[in-house]
Amino acid sequence: MDWHILGQQLVNGLTLGSIYGLIAIGYTMVYGIIGMINFAHGDVYMISAYLTAISLAVLSAFGVESVPFAIVVTLGLTMFITGVYGWSIERVAYRPLRGSTRLAPLISAIGISLLLQNYVQVAQGARNQGIPSLIDGVFRVGNDKDFVQMTHVQLLIVIASFGAMAGLTWLIQRTSLGRQCRATQQDRHMAEILGINTDRIISTVFVIGAAMAAIAGTLVTLNYGSFDFFVGFVTGIKAFTAAVLGGIGSLPGAMLGGILLGLFESLFSGFVNTDYKDVFSFSVLVLVLIFRPSGLLGRPEVEKV
Amino acid sequence: MDPRNLLEVRNLTMRFGGIVANNDVSFDVAQGSITALIGPNGAGKTTVFNCLTGFYRASEGTIHLAGDQGCAPLEVGGLLSKPLIGGSYLVARAGIARTFQNIRLFREMSVVENLLVAQHNHLDRNLLSGALGLRRYRQAERDGIERAFHWLRVMDLEEDANRLAGELPYGRQRRLEIARAMCTGPRLVCLDEPAAGLNPREKADLAERIQHLRNEHRVTVLLIEHDMSLVMGISEHIVVLDHGEVIAAGDPQEVKNSPAVITAYLGADDDEEGAA
Amino acid sequence: MSTHASPTFIRPLREAGVTFVLALIVFGPISGLVLDGYSIEPHLGRPLLIASIVAAGRLLFGVLEQTPFGQKLLARNARKASGGVTVARGDEYKLLYFVVPLVIAIGVTLPFVANKYWLGNLILALIYVLLGLGLNIVVGLAGLLDLGFVAFYAVGAYFLALGAQYLDIGFWTALVCAPMLAACFGAVLGFPVLRMHGDYLAIVTLGFGEIIRLVLNNWLDFTGGPNGASVPAPTIFGLEFSRIAKQGGTPFHEFFGLEYSSDYKLMFTYLVLLVVVLLMVRFLTKLRQMPMGRAWEALREDEIACRSLGINHVIVKLSAFMMGAMTGGLAGVFFATYQGFVNPTSFNFFESALILAIVVLGGLGSTLGVIIAALVLTLLPEVLREFADYRVLAFGALMVLMMIWRPRGLIRPKRPHFAPEV
């Protein structure tokens, strides 16, 4: 076995996995609180990739030279606008459907997913978009021929993801808002009786999920530099796989699932086959659902009769 | 297993995570009896029901149902954990039917359709014979419709046959749910709070119908009920649960006079509470 | 709140203002600043226009809500959205004796009057009717959300194409075998997932649809990859529809002494398809009164109650899933025959979305509704070609709006009537 390939794939997998983890948070929190799969979440991530590129282009048009400043402003803007997307989607397409049939929110979510994809396609064109590479530089271990490298962007992705995750954990565990979220997740009806505005909490969860996806979108765009209106689809399925793998409803599970899936996928494409890496990730989803539907850190669901 | 019993529950314990819903519950249901399961709210009655009818797999203990026509007894938990094909539906096929505390009818289907769905396993399910309208299929359908109308007559619902189940008045929905359970041809029918939300006249009517089911249609009845006059009036055997454990069992008179039951329902004196 | 004598405009105006700002934030960057390479091309009028339309809509709705007319409208809608199911009286079938033969007669004569372009469209429309009916079994009757339905369509189409290439099978063999193969795929996919809580099925099927497409795209040696595979023309009693018979037989036109025309192949495909669709409709109508169909609908209404009645929910769901897959496979065979060629791009996610839109619009569970919706959604875009870019947008909006206003579709089926024997 080539150790440097293994090392390189582990580095790539960790980077990829952090991204999956960030997006998976949106799926897992929404599922935890209202028990629906938000199919539009992958497309919210896609929107944030476009917003990143637009923001960077606008900043450079205004003559902003400093790369760190541009990135921080872009991240802030992207998170804000994507958050508004999350809020609006919930308000328009999901809230009117509380108490409707079981399928209604799922179909509505698919509708929103199609809307977002086609809206971006019509507004921005179907062509592949990209941004120039802003951060260069690599850390490299090994000799000239066999080496393992981690680019600065990859390092940024890992650090930023863990930072975001730590911040979110603090928010959920230590603040009043977080307590309200957890209470609503446990028993929405009871939380409402105790005076929690559950509609607002659900909206907040959508905003948080969207903002996390926005961080992922910005970071991925900085790393790969290229995207189109369809990137949210496959990434969304994989992030959902990560959420299920970690145990749907569990925040640390989402991150753990994301990183594991990222590592599996990188190792598979490094040592087996690149063409079928999506097929592989999907098989992971089915296998987890068969053998451990509650995931690694999730609690088994008790059916209410 | 005692041949006089239809159901024997032994040492049933049910835990959800750290919470013990039922601890070491044992009781019998005699063939052809009306047995009641009573207890204060949160005593674990519905959990016992869900274990009996195969919706929960008990953490410990056994539930044996007497075999049909001399067959060996069946263990309910074993039906659930059968590899690949196991599931609560096998319990229903073994002869335990049930109703639900919060009525679960097929609300957007007609009353007759509700009863036909209950006979799913007795009808001709072959798609081909249905599509071609073979005689065997038509005969099975006709029998099914007849049986459905038979039970509608028994439960006095015949004029509602072609209405949507969801639009029936509450009391009639309760009766329809019992009729639907009977359509599966059960040996034991478990009624979860059948009188909840009924007015006194409807309650009296229901009591009569439950006795009729047992006397005329030879089905054993197990019911959870809060209405004491109904329970004391119709059941021969009463099992009292409190905090997930059996605190008393016996005929209505015994249970009525049991100090443990009085304590559970009316509350204990302060010093006794402290001792417990 | 019927006491509002005169509508106040202050609240609706404030809400419209908020909506305008939000819409500007949401639509502003993406529609107003178009990426052009690494630079930006401003189109600032577009977000203003969109935000104005959205805000105006909100204002109109806010005002309408306060007028008696609007309240009446909303109340009527609420009534229609929830209920609407009725039980048949048992005597309304008389009309069908006239309508059904009329529809069949029109269906049979159409290919002889339509030109080649419209004949092609009609075939496609009927294929979508078939797909819609298949998905309707899964989504509408059994209440299982299948987002990868196109996978079974692809299985059917590729079975004919690759079967002809490797095993030398023809149209008629495929017509029988492809649905079975598709059903097997459905069983393999469905069995593990259907045992679990319902919603996972949606995402697993979504993934499966994409996987099938990826495999078809990447497995160059076997499927021909993105270039696709060709499909032989159908035969009728060994007569081929080509100009010169390839296997040495007699071509269809020579046998009947007709002038050669490629229309015969289309006509033949259309007529066989029409027969299959009619049989399918007949079968589905019967199915709703058969134990299996009833069990599907019961399962949609309440799974726990079904289990308490001794119904094996996994098997019943699986049967619906397989039946749907089978219909999808059948439609695939016709699609391959019609095109004479298959490639993976015909089986992308938007295709699944279109079929779902048909089922949603037609009314989950209503055969008639699905047929009408399929004809409308496939033939209307042909008429409105200039709006082709907005097709998917319209489908997305349609799904959301239908779920909000008519979650059970435009046409509600009637429940069958039963009477005891006297």
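The values are calculated or read from the model by the stated rules, or taken from the named source; none is laboratory data. Because the structure is predicted, anything quoted here is derived from the model rather than measured. Cβ atoms come from the backbone with ideal geometry, glycine included; neighbour counts cover every protein chain shown.
Within segment A:271-289, does at least one residue satisfy the condition of being under 16 Å from the mean Cα position of the chain (by Cα) and either surrounded by fewer than 24 Cβ atoms within 10 Å (Cβ to Cβ) or closer than 30 Å to B:L84 by Cβ (or both)?
Among the residues of segment A:271-289, at least one is under 16 Å from the mean Cα position of the chain (by Cα) and either surrounded by fewer than 24 Cβ atoms within 10 Å (Cβ to Cβ) or closer than 30 Å to B:L84 by Cβ (or both), which makes the answer yes.
Every residue in segment A:263-275 that is at pLDDT below 85 and either more than 17 Å from A:T235 (Cβ to Cβ) or in a helix (DSSP H, G or I) (or both), please.
Matches in segment A:263-275: A:G270, A:F271, A:V272, A:N273, A:D275.
To keep it simple, each residue is scored yes or no on (1) facing chain C (nearest Cβ under 9 Å); (2) in a loop (DSSP other than H, G, I, E, B); (3) touching a residue at least 60 places away in the same chain (Cβ under 8 Å); (4) buried (at least 16 other Cβ atoms within 10 Å of the Cβ).
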residue: B:F100; (1), (2), (3), (4): yes, yes, yes, yes
residue: B:L128; (1), (2), (3), (4): no, no, no, no
residue: B:Q139; (1), (2), (3), (4): no, no, no, no
residue: B:F149; (1), (2), (3), (4): yes, no, no, yes
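Taking segment C:353-377, which residues are away from every other protein chain (no Cβ under 13 Å) and within 23 Å of C:E210 (Cβ to Cβ)?
Listed by number, the list holds a single entry, C:L377.
Would you tally the residues in segment A:281-297 being out of contact with any Lys or Arg (no Cβ under 6 Å at 6 or more places or on another chain), more than 8 Å from chain C (Cβ to nearest Cβ) and assigned to a helix (DSSP H, G or I)?
5
Quick check: is even one residue across segment B:112-120 surrounded by fewer than 19 Cβ atoms within 10 Å (Cβ to Cβ) and either in contact with a Pro (Cβ under 9 Å, 6 or more places away or on another chain) or in contact (Cβ under 8 Å) with a residue 12 or more places away in the chain (or both)?
Pass one, segment B:112-120, residues surrounded by fewer than 19 Cβ atoms within 10 Å (Cβ to Cβ): none.
No; the residues of segment B:112-120 include none that is surrounded by fewer than 19 Cβ atoms within 10 Å (Cβ to Cβ) and either in contact with a Pro (Cβ under 9 Å, 6 or more places away or on another chain) or in contact (Cβ under 8 Å) with a residue 12 or more places away in the chain (or both).
Hey, A:V72 hits all of (1) modelled with pLDDT under 85; (2) surrounded by fewer than 18 Cβ atoms within 10 Å (Cβ to Cβ) but one; which does it fall short on?
So the condition that A:V72 fails would be (1).
Out of B:L176, B:L157, B:L164, I need the residue that is at pLDDT below 90, surrounded by 21 or more Cβ atoms within 10 Å (Cβ to Cβ), out of contact with any Ser or Thr (no Cβ under 8 Å at 6 or more places or on another chain) and not assigned by the TED database to the domain that holds B:E216. Which one?
B:L157
Within segment C:280-323, track down each residue that is more than 7 Å from chain B (Cβ to nearest Cβ), closer than 16 Å to B:F106 by Cβ and polar (S, T, N, Q).
Across segment C:280-323, the qualifying residue is only C:Q289.
Hey, could you check segment C:381-422 for residues that are acidic (D, E) and either more than 7 Å from chain A (Cβ to nearest Cβ) or in contact with an Asp or Glu (Cβ under 8 Å, 6 or more places away or on another chain) (or both) and say which is surrounded by the most Cβ atoms within 10 Å (Cβ to Cβ)?
Checking each candidate, the answer is C:E382.
Are any residues in segment A:17-69 touching a strand residue (DSSP E or B) at 6+ places or on another chain (Cβ under 6 Å) and either within 13 Å of A:M212 (Cβ to Cβ) or buried (at least 24 other Cβ atoms within 10 Å of the Cβ) (or both), and if so, which ones?
Scanning segment A:17-69 gives A:A49, A:A53, A:I54.
Would you mention how many residues in segment C:294-341 are without any contact (Cβ under 8 Å) to a residue 60 or more places away in the chain and among the hydroxyl-bearing types (S, T, Y)?
2
Results for (1) over 20 Å from the mean Cα position of the chain (by Cα); (2) without any contact (Cβ under 8 Å) to a residue 60 or more places away in the chain, shown as yes or no for each residue.
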| residue | (1), (2) |
| --- | --- |
| A:T82 | no, no |
| A:G86 | no, no |
| A:R95 | yes, no |
| A:L106 | no, no |
| A:Q121 | yes, no |
| A:L134 | yes, no |
| A:D144 | yes, yes |
| A:V148 | yes, no |
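So which of B:L90, B:L84 is closer than 21 Å to B:F55 by Cα, surrounded by fewer than 22 Cβ atoms within 10 Å (Cβ to Cβ) and modelled with pLDDT of 85 or more?
None of the other options fit; the residue is B:L90.
Just checking: which of the strands (runs of 3 or more DSSP E) contained wholly in segment B:207-263 hold 2 or more residues that are under 16 Å from the mean Cα position of the chain (by Cα) and within 30 Å of B:I19 (Cβ to Cβ)?
B:220-224, B:237-242
Please go through segment C:324-352 and pick out each residue that is touching a Lys or Arg at 6+ places or on another chain (Cβ under 7 Å) and within 10 Å of another protein chain (Cβ to nearest Cβ).
Scanning segment C:324-352 gives a single hit, C:N348.
The rows are residues; the columns are (1) touching a Gly at 6+ places or on another chain (Cβ under 7 Å); (2) crowded, with 16+ Cβ neighbours inside 10 Å; (3) at pLDDT below 85.
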| residue | (1), (2), (3) |
| --- | --- |
| B:A204 | no, no, no |
| B:E208 | no, no, no |
| B:L222 | no, yes, no |
| B:M232 | no, yes, no |
| B:V239 | no, yes, no |
| B:V246 | no, yes, no |
| B:D251 | no, no, no |
| B:V261 | no, yes, yes |
| B:L266 | no, no, yes |
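Within segment C:242-259, is there a residue that is in a helix (DSSP H, G or I) and either hydrophobic (A, V, I, L, M, F, W, C) or at pLDDT 80 or above (or both)?
Pass one, segment C:242-259, residues in a helix (DSSP H, G or I): C:252-255.
If we keep only those that are either hydrophobic (A, V, I, L, M, F, W, C) or at pLDDT 80 or above (or both) too, we end up with C:252, C:255.
So far as segment C:242-259 goes, yes, one or more of its residues are in a helix (DSSP H, G or I) and either hydrophobic (A, V, I, L, M, F, W, C) or at pLDDT 80 or above (or both).
Would segment A:199-211 turn up any residue that is within 23 Å of A:A93 (Cβ to Cβ), assigned to a helix (DSSP H, G or I) and free of Cβ contacts under 8 Å to residues at least 60 places away in the same chain? Lay out the reasoning, then the answer.
Filtering segment A:199-211 for residues within 23 Å of A:A93 (Cβ to Cβ) gives A:199-211.
Pick out the ones that are also assigned to a helix (DSSP H, G or I) and you get A:199-211.
So of that shortlist, the ones also free of Cβ contacts under 8 Å to residues at least 60 places away in the same chain come out as A:200, A:204.
Yes; the residues of segment A:199-211 include at least one that is within 23 Å of A:A93 (Cβ to Cβ), assigned to a helix (DSSP H, G or I) and free of Cβ contacts under 8 Å to residues at least 60 places away in the same chain.
Tally the residues that are assigned to a loop (DSSP other than H, G, I, E, B) and basic (K, R), restricting the search to segment B:44-76.
Of the residues in segment B:44-76, 1 are assigned to a loop (DSSP other than H, G, I, E, B) and basic (K, R).
Listed residues B:G78, B:G70, B:G18; which is surrounded by fewer than 16 Cβ atoms within 10 Å (Cβ to Cβ), at positive phi and over 18 Å from the mean Cα position of the chain (by Cα)? Step through it out loud before you land on a result.
On the way: B:G78 fails: at positive phi; B:G18 fails: at positive phi.
The unique qualifying residue is B:G70.
Can you find a residue that is touching a strand residue (DSSP E or B) at 6+ places or on another chain (Cβ under 7 Å) and on the phi > 0 side of the Ramachandran plot anywhere in segment C:326-340?
Yes, segment C:326-340 has at least one match.
Could you tell me which of the residues A:V11, A:V58, A:V64, A:V44 is in contact with a helix residue (DSSP H, G or I) (Cβ under 7 Å, 6 or more places away or on another chain) and without any contact (Cβ under 8 Å) to a residue 12 or more places away in the chain?
Residue meeting the stated conditions: A:V64.
In this structure, does C:F283 turn out to be in contact with a helix residue (DSSP H, G or I) (Cβ under 7 Å, 6 or more places away or on another chain) and farther than 30 Å from B:F100 by Cα?
Taking the combined requirement at face value, the residue satisfies it.
Identify all residues within segment A:99-121 that are more than 7 Å from chain C (Cβ to nearest Cβ) and hydrophobic (A, V, I, L, M, F, W, C); write none if there are none.
Within segment A:99-121, A:A109, A:L116 qualify.
Can you tell me which residue is surrounded by the fewest Cβ atoms within 10 Å (Cβ to Cβ) among those in segment A:87-98 that are farther than 9 Å from C:V400 by Cβ and at the interface with chain C (Cβ under 7 Å from one of its Cβ atoms)?
Selected residue: A:P96.
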